Amino acid sequence: MQKDAHDMKTSITEIAAGVHQMVVGEGAHEGVYAPNVYLALGSERAAIIDTAYGKDAEVDYYLAQWRAMGSPEIAAIVLTHRHGDHIGGANRLREATGGAVFCHGIEQEAIESEQSSARAPDEPFQRMADENDDEGDYGTEGVSVDATVKDGDTLELGDATLEFIHTPGHTLGSLSILHRQTGVLFSGDMILGTGTTVISPDHGDMAAYIESMRKMKGFDSRMIAPGHGPMIHTPQDKLNEMITRRFAREEQIVKLVEAGNRSLDTLLDAIYAGKIHPQLMDTARSQIRAHLIKLQAEGRVSDIDGQDEQD
């Protein structure tokens, strides 16, 4: 890890043959990580996966690393999902590299909308990292999408192939991408290096999230490269852990409701008070709402006071 001219910590790591993780900055609190941006090199072309917030320091660093590798042709700038800490640098990277912007079709409207592509209200990484930020707002402009992909589509880079996997949950159009030759599975925010993914009912779906994790288990991945945080070298164990954690939370919610906790506020206090950073309480509220929607669809709990609020 080193500091660049913008005085922000930077790093580039080859996590597998031809696959590079680039990080600029750091989270303001323990357990909060700056976005990971990836450069996947093939013998003929390359792809960039996610683009972080769009701060000058970030984009300048990514471009410097790309140029240091000989400025390979960029076949695609792939956006795993709609949130501002993943799409913010897309416009500048496309302008500099000529790469086409790809996303899942479900995400296109939100990504192209200036309002929707601003910092997402359910992203703790963004709001907490902003505490020490003096660059003002960023990544709020819409991004023109050049091509949409669907589940099972592939992108050839020469001696490397990327397979696009529709994994709804964190958002309805979230993409994971399998680098077939190395077994690296880029998960966006579906799976994080540490901690739990936020599922907001306004952007995502808890039932779909659990099913997507089961789907991800079926791919021959040898490493998960998450949207934030360290690499995951035991993908099956991590996915099993996350599925188990979601079901355990569901059981906790059901028992609390049965015990008379009939409002979102009382559930929030019972589950999270004193256990997480105060700035994460709003995201925890979204998580409970997402679980309640799933549990109600299954007939396991009835309506709860306050659950229909918007994030």
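Each value in this text was obtained by applying a stated rule to the coordinates, not by laboratory testing. Keep in mind it's a predicted model, so treat the numbers as computed, not measured. A quick note on method: Cβ atoms are made from the backbone with ideal geometry, for glycine too, and the neighbour counts reach across all protein chains shown.
Ranked highest first by the average count of other Cβ atoms within 10 Å around their residues, in what order do 61-70, 280-289, 296-305, 171-180 fall? Can you show the working numbers first?
On the way: 61-70: 15.8, 280-289: 21.0, 296-305: 12.7, 171-180: 24.4.
In decreasing order of mean packing, 61-70, 280-289, 296-305, 171-180 become 171-180, 280-289, 61-70, 296-305.
Relative to the longest principal axis of the chain, what angle (0 to 90°, nearest 10) does the C-alpha long axis of helix 206-217 take?
50 degrees
Working out 0.36 nm times the residue gap between GLU241 and ILE276, then minus their Cα-Cα distance, what length gain in nm do you get to one decimal?
On the way: separation 35, 0.36 × 35 = 12.60 nm, distance 1.94 nm.
Working it through step by step, the gained length comes to 10.7 nm.
Using every pair of alpha-carbon atoms in the chain, split the distances into 20 Å bins beginning at 0 and state the percent of pairs per bin, rounded to integers.
Pair shares across the bins are 34, 57, 9, 0.
Assigning unit charges at the beta carbon (Lys, Arg +1; Asp, Glu -1) and nothing else, what dipole magnitude in debye, to the nearest 20, does the stretch 226-311 show about its Cα centre?
Magnitude of the dipole: close to 320 debye.
Return the percentage of antiparallel bridges among DSSP beta bridges fully within the stretch 177-311, rounded to the nearest 5 %. List each step's numbers first, then the result.
Details: 4 of 9 bridges.
Rounded to the nearest five, the antiparallel share is 45 percent.
Set Lys and Arg Cβ to +1 and Asp and Glu Cβ to -1, take the dipole of the chain about its Cα centre, and tell me which of GLY99, HIS86, ILE210 lies farthest positive.
The residue sitting most towards the positive pole is ILE210.
Which residue, THR148, MET223, MET8, has the largest displacement toward the positive end of the dipole of the chain when charges sit on each Cβ (Lys, Arg +1; Asp, Glu -1)?
MET223
Sketch the reach of a paramagnetic label on MET69 as a point 7 Å from Cα along Cα-to-Cβ, and name the residues of the stretch 34-56 whose backbone nitrogen lies under 19 Å away.
Only 35-54 fall inside the zone, counting backbone N under 19 Å.
Give, rounded to the nearest 20 debye, the magnitude of the charge dipole that the chain has about its Cα centre when Lys and Arg contribute +1 at Cβ and Asp and Glu contribute -1 at Cβ.
Details: 27 positive and 51 negative charges, 226 e Å.
That gives the chain a dipole magnitude of about 1080 debye.
I'd like the orientation of helix 235-258 relative to the chain: the angle between its Cα long axis and the longest Cα principal axis, in ° from 0 to 90, rounded to 10.
30 degrees
Considering only the chain, what is the antiparallel percent among its DSSP beta bridges, to the nearest 5? Intermediate values should be presented prior to the final figure.
On the way: 30 of 45 bridges.
Of all bridge pairs located within the chain, approximately 65 percent are antiparallel.
Please find the FRET efficiency linking SER11 to ASP220, where r is the Cβ-Cβ separation and R0 is fixed at 22 Å, and quote it to the nearest 0.05. Spell out each step's value before the answer.
Numbers: r = 28 Å, r/R0 = 1.27.
With a Förster radius of 22 Å, E is 0.20.
Show me, for the stretch 19-26, the HN-Hα J-couplings you get by feeding each phi into the Karplus relation (A = 6.51, B = -1.76, C = 1.60, θ = phi - 60°), rounded to Hz, glycine and proline as x.
Taking θ as phi minus 60°, the curve returns 10, 10, 9, 10, 9, 10, x, 8 Hz for the stretch 19-26.
Among the listed pairs LYS55/LYS275; LYS9/LYS55; LYS215/LYS238, give every one whose C-alpha distance is greater than 20 Å. Working shown, then result.
Values: LYS55/LYS275 32 Å; LYS9/LYS55 13 Å; LYS215/LYS238 13 Å.
Long pairs (Cα-Cα over 20 Å): LYS55/LYS275.
How would you order 76-83, 144-151 from highest to lowest mean count of nearby Cβ atoms within 10 Å?
76-83, 144-151
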